[in-house]
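The values are calculated or read from the model by the stated rules, or taken from the named source; none is laboratory data. Predicted model, so just to flag it, every value in this text is computed and none were measured. Here the Cβ positions follow ideal geometry from the backbone for every residue, glycine too, while neighbour counts run over all protein chains shown. Only protein heavy atoms, including side chains, enter the accessible area calculation; ligands, DNA and RNA are left aside. Shrake-Rupley method; radii C 1.70, N 1.55, O 1.52, S 1.80 Å.
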Amino acid sequence: MSLPHFRSSPAPAHDAQRFVLGLGRALHTYGYSAHGLEEVMGEVAHRLGLITQIFSTPTSIMVAFGPQDEQQTFLMRVEPGDQDLGKLARLDHVIVEVMQGTLPPAQGARRVAEIVAAPPPYGQGLTTLAYGLSSGAVSRFLGGGLREAAVATVLGLLIGLLALAASRARPLGRVFEPVAAFVASAGATLAGLWLHPLSVFTTTLSGLIVLIPGLTLTVAMTELSSRHLVSGIARLSSAFMLFLTIAFGVALGGKLAAFVAGTPQSVAPAPLPGWTMLVALIVVPLAFTVLLRAEPRDAGWIVVSGVIAFYSSRLGTDALGVELGVFVGAFVVGAASNLYARLLDRPSTIPLVPGILLLVPGSIGYRSLAALLDKEVISGVETAFRMILMAVALVAGLMISNVVTPARR
């Protein structure tokens, strides 16, 4: 929809304008931050000879074409979508061709529309399985044992089925997160009674890990650091509300299951052998490949990114502490992703996003809310402050990595 500014009637859209607008909507839908989106759209518009001013928020994009006193302004109402690394890679290829002049903007706009309309690369069954495998493998990172991993896998499969139903039923989609949290919490509580000994807390958190908005929190902190205050504050508020809705679903599911069947005993998970960590480091990135809809040929790079993120963060933690360990992990992953982009001429987001997902402090935020729900105020506030410090350290690592190894232009 176009909104003319200081004009009596809207002018016909030029091919270059149509390409820039379609590209902006697609990049926004598939996970670009505000500063990244404005930078890419501005650079493309400049190469196409357009004068633009661009303003992006999590729910809208405004683009003004032309000199200050003769602008034609377009407002696009957009909704944040799920990360789609495969479509981002194909969009990147179209951007390069248009900016190099080998693809006319009109054809570029059609290519963008075709990419947006393309079906998901993975079937519903494989996607649901990826939910279960990611939850089961993540329980190993959280210190879970064999029982916790098995139950978390089942809970992840249930959440995957709920996600499939939510994609088809809009009313369920609006309440998907609290409903999924309710199912995970109630299921973990009942499993704690029937499969004792079982750590209910670890199992619940593992089952919910795909819903924790750690990446949203990280993007919000990055936008605030880049002085995109409106978008950063809006996205930070969205992450906070999502944490609250998940906490509400967890509290309701746990209380209701305990009321009906009883309260399970609190136990510590039985440790697993060290080699199982290597298995988890392969399974989780492969599951992320499916959930983030990356192309199959990128699966190996995503596994490598996950291994680099985990071990660099662990080495940093052993030497400098938890917060600076996250900084080291983010720096190494960011630098490696930029080198990947430069050497292979591919978007750095392909290895970067899965690697960052292993570092984001989303689970710390959940622990903070869980402590507050248990009326452990001091512990909850301390954990929340720790989460913020880790998010800041992560963003700092990414920003410094872009200075040491500049991103591909």
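The residue that is nearest to P178 (Cα to Cα), among those in segment 204-219 that are touching a residue at least 40 places away in the same chain (Cβ under 8 Å) and among the polar types (S, T, N, Q), is T204.
Residues in segment 234-264 that are over 17 Å from G187 (Cβ atoms) and either free of Cβ contacts under 8 Å to residues at least 12 places away in the same chain or out of contact with any Phe, Trp or Tyr (no Cβ under 9 Å at 6 or more places or on another chain) (or both): A234, R235, L236, S237, S238, A239, F240, M241, L242, L244, T245. Take the residues of segment 75-129 that are among the charged types (D, E, K, R) and within 19 Å of I54 (Cβ to Cβ): which is farthest from the chain's Cα centre (by Cα)? Taking the candidates together, the pick is R77.
Tallying residues that are closer than 14 Å to V154 by Cβ, over 23 Å from the mean Cα position of the chain (by Cα) and of a type in the set (S, T, Y) within segment 170-223 yields 1. For the residues A188, A220, the requirement of being over 28 Å from P58 (Cα atoms) and either part of a helix (DSSP H, G or I) or open to solvent by less than 10 Å² (accessible area, probe 1.4 Å) (or both) singles out A188. Flag: I378 matches the condition of being farther than 14 Å from T218 by Cβ, at pLDDT below 85 and surrounded by fewer than 23 Cβ atoms within 10 Å (Cβ to Cβ).
Within this structure, F182 fails the test of being modelled with pLDDT under 90, surrounded by fewer than 24 Cβ atoms within 10 Å (Cβ to Cβ), aromatic (F, W, Y) and in a helix (DSSP H, G or I).
Among the residues of segment 45-60, how many are touching a helix residue (DSSP H, G or I) at 6+ places or on another chain (Cβ under 6 Å) and either among the hydroxyl-bearing types (S, T, Y) or touching a residue at least 40 places away in the same chain (Cβ under 8 Å) (or both)? Don't jump to the end; show me each part of the working.
So the first thing to find is which residues in segment 45-60 are touching a helix residue (DSSP H, G or I) at 6+ places or on another chain (Cβ under 6 Å), and the list is 45, 47-48, 50, 52, 54, 56-58.
Keeping just the survivors that are either among the hydroxyl-bearing types (S, T, Y) or touching a residue at least 40 places away in the same chain (Cβ under 8 Å) (or both) gives 47-48, 52, 56-58.
Summing the residues that are touching a helix residue (DSSP H, G or I) at 6+ places or on another chain (Cβ under 6 Å) and either among the hydroxyl-bearing types (S, T, Y) or touching a residue at least 40 places away in the same chain (Cβ under 8 Å) (or both) in segment 45-60 gives 6.
Pairs are defined by a Cβ separation below 8 Å, a sequence spacing of at least 6 or placement on different chains, a first member in segment 134-155 that is on the phi > 0 side of the Ramachandran plot, and a second member that is part of a helix (DSSP H, G or I) and open to solvent by 10 Å² or more (accessible area, probe 1.4 Å); the pairs so defined are G143/T202.
Among the residues making up segment 223-233, a single one is surrounded by fewer than 20 Cβ atoms within 10 Å (Cβ to Cβ), in contact with a helix residue (DSSP H, G or I) (Cβ under 7 Å, 6 or more places away or on another chain), assigned to a helix (DSSP H, G or I) and in contact (Cβ under 8 Å) with a residue 40 or more places away in the chain: S225. Does L357 satisfy being among the hydrophobic types (A, V, I, L, M, F, W, C) and open to solvent by 60 Å² or more (accessible area, probe 1.4 Å)? Here the answer is no, as L357 does not meet what is asked. Report the residue count in segment 286-307 for those that are closer than 18 Å to G125 by Cα, open to solvent by less than 50 Å² (accessible area, probe 1.4 Å) and not hydroxyl-bearing (S, T, Y). Count: 7. Condition first: in contact (Cβ under 8 Å) with a residue 60 or more places away in the chain, assigned to a helix (DSSP H, G or I), over 24 Å from D84 (Cβ atoms) and open to solvent by less than 20 Å² (accessible area, probe 1.4 Å). Can you find one or more residues in segment 193-203 that meet it? Scanning segment 193-203, I find at least one residue that is in contact (Cβ under 8 Å) with a residue 60 or more places away in the chain, assigned to a helix (DSSP H, G or I), over 24 Å from D84 (Cβ atoms) and open to solvent by less than 20 Å² (accessible area, probe 1.4 Å), so the answer is yes. Every listed requirement among (1) among the small types (G, A, S); (2) more than 18 Å from G136 (Cβ to Cβ); (3) crowded, with 21+ Cβ neighbours inside 10 Å is met by A166 save one, (3).
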